[in-house]
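Enquirer: Before I ask anything, let me first share the structure, which is written out below as C-alpha cells.
A short reminder: the numbers here are calculations on the coordinates, not readings from a lab. Just so it is clear, the model here is predicted, and its values are computed rather than measured. Glycine gets a Cβ as well: all are built from the backbone with ideal geometry, and neighbour counts include every protein chain shown.
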Amino acid sequence: MKGIASMGIVKVQGQQHSQMEDFVVAEEPLEIRLGFLKNGARHQKSISVTMRTPGHDEELALGFLFTEGIIAGLEQVTGFSRPPVRWKQAKENVLVVELADDVSVDFGRLERNFYTSSSCGVCGKASIEAVRVQGRFELPEPAPMFTVEVLHSLPELLASRQSIFDCTGGLHGAALFDRAGKLLLAREDVGRHNALDKLIGTAMQQGILPLSDCLVLVSGRAGFELVQKSVMPGVAVLAAVGAPTSLSVELAEEAGMTLVGFLRNDQFNIYACPERIL
C-alpha cells in the first residue's frame with residue numbers, strides 16, 4: 001500500500017522478545033516549485049519543502065497554494081510536472097505547479113513569511129498578522145446546520161477511511177461531510193496541515209468550493225494553522241477530535257466559523273459560533 005513502509009523490528013513483551021515485521025507510515029520530503037512566465041519565458045522557483053506521506057501530491061500542492069493565498073483558484077493552474085533531477089530516486093519528491101501566464105507571485109513575501117514542516121504549518125511566519133490570510137469566501141450567518149447526533153457519528157466515519165492509520169497508527173486524517181453526515185472526502189498524511197491541504201485541494205479539483213455548507217473534521221488538535229486553512233475555502237464548521245488553542249478560537253470567532261473540539265466518546269465542546277449546532 002502506498003504510504004506504508006515495512007521493516008524488521010524486535011518486539012519486547014515483558015521479559016520476552018521476538019523478531020517480526022512492522023509497518024510504519026512513509027515520510028518523505030516534497031519540494032513544491034512554481035512554474036511561471038517572466039519576461040516572455042517560463043521559469044521555475046522552489047517555494048516550499050514539506051515532509052509528507054507520498055500520495056495525492058497534486059492535491060496537496062493545490063491546497064497548500066490556495067490556503068496560503070498564493071493562488072485564488074484552480075483556473076490559475078495549468079498543469080503539473082515532475083522535473084528532471086540529479087538523483088533519480090528524488091524525482092517523485094519534486095512537483096512543479098505550472099501557473100497561468102497572467103498569474104503574478106510576490107516571491108519576496110513568500111520568502112519572508114513561511115516555512116513548513118510536518119509538525120507545524122506556520123513555523124517561520126514573520127508575525128501573527130502575516131498568517132491572518134483573508135478568506136476567499138464569505139461565511140454564511142450562523143444558523144442551524146448540524147445536529148448533535150450527526151456530530152457524534154463523524155469520528156467513527158473518519159476512522160473507517162483511515163486505512164494507513166489502521167496499519168501504522170501514525171497518521172493524521174481530515175474529512176469533509178455534508179449536513180446529513182455523509183462522508184464526501186477523506187485524506188491522510190503524516191502532517192496534520194498536509195492532510196487538510198490534500199482535502200481542500202481535492203475539493204478544488206472536484207469544483208465543490210466554497211465549503212460553506214459542509215463540515216470538516218480533523219483527527220488531531222485544532223491549531224491556528226488548521227483554522228486559517230479552513231477559513232480560505234469557506235468552511236462553516238471545523239471540528240477536531242483534539243483540543244483547540246486560544247489563537248485558533250480567536251480566529252474562528254473573527255471569521256464567523258463554528259469551532260468544535262474534543263469530538264469523541266459522544267461529547268464535544270463548542271468554542272465559537274454555537275448557533276450552527278442544533
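Enquirer: Mind checking the full-extension length gain between V12 and V49? Use 0.36 nm per residue of separation minus the Cα-Cα distance, one decimal, nm.
Expert: 9.7 nm
Enquirer: Quick check of the Kirkwood formula: for the stretch 190-254, what is the inverse mean of 1/r over all pairs of different Cα atoms, in Å?
Expert: 11.8
Enquirer: Viscosity 1.002 mPa s, temperature 20 °C: Stokes-Einstein D of the stretch 148-276 from its Kirkwood Cα radius, in µm² per second?
Expert: In µm²/s, the coefficient is 151.
Enquirer: Taking the number of other C-beta atoms within 10 Å as the exposure measure, put M51, M257 in order starting with the fewest.
Expert: Final ranking by Cβ density, sparse to dense: M51, M257.
Enquirer: Can you compute the FRET efficiency between N269 and S104 using 1/(1 + (r/R0)^6), with r the Cβ-Cβ distance and R0 = 41 Å? Round to the nearest 0.05.
Expert: 0.45
Enquirer: Order by neighbour count: T258, T53, T245, fewest other Cβ atoms within 10 Å first, most last.
Expert: The fewest-first ordering by Cβ neighbours comes to T245, T258, T53.
Enquirer: Taking amide H positions as placed 1.01 Å from N in the peptide plane, with prolines and chain starts having none, which residues 5 or more places from M145, or on another chain, fall under 5 Å of its amide H?
Expert: Sorted by chain and number, the residues that satisfy this are I277, L278.
Enquirer: Here's a follow-up. Give me the one-decimal nm value for the distance between modelled label points at R86 and E21, 7 Å along each residue's Cα-to-Cβ direction.
Expert: Result: 3.5 nm between the two label points.
Enquirer: Using the 10 angstrom Cβ neighbour count as an exposure proxy, how do T202, T147 rank, fewest first?
Expert: Ordered from fewest to most neighbouring Cβ atoms within 10 Å, T202, T147 come out as T147, T202.
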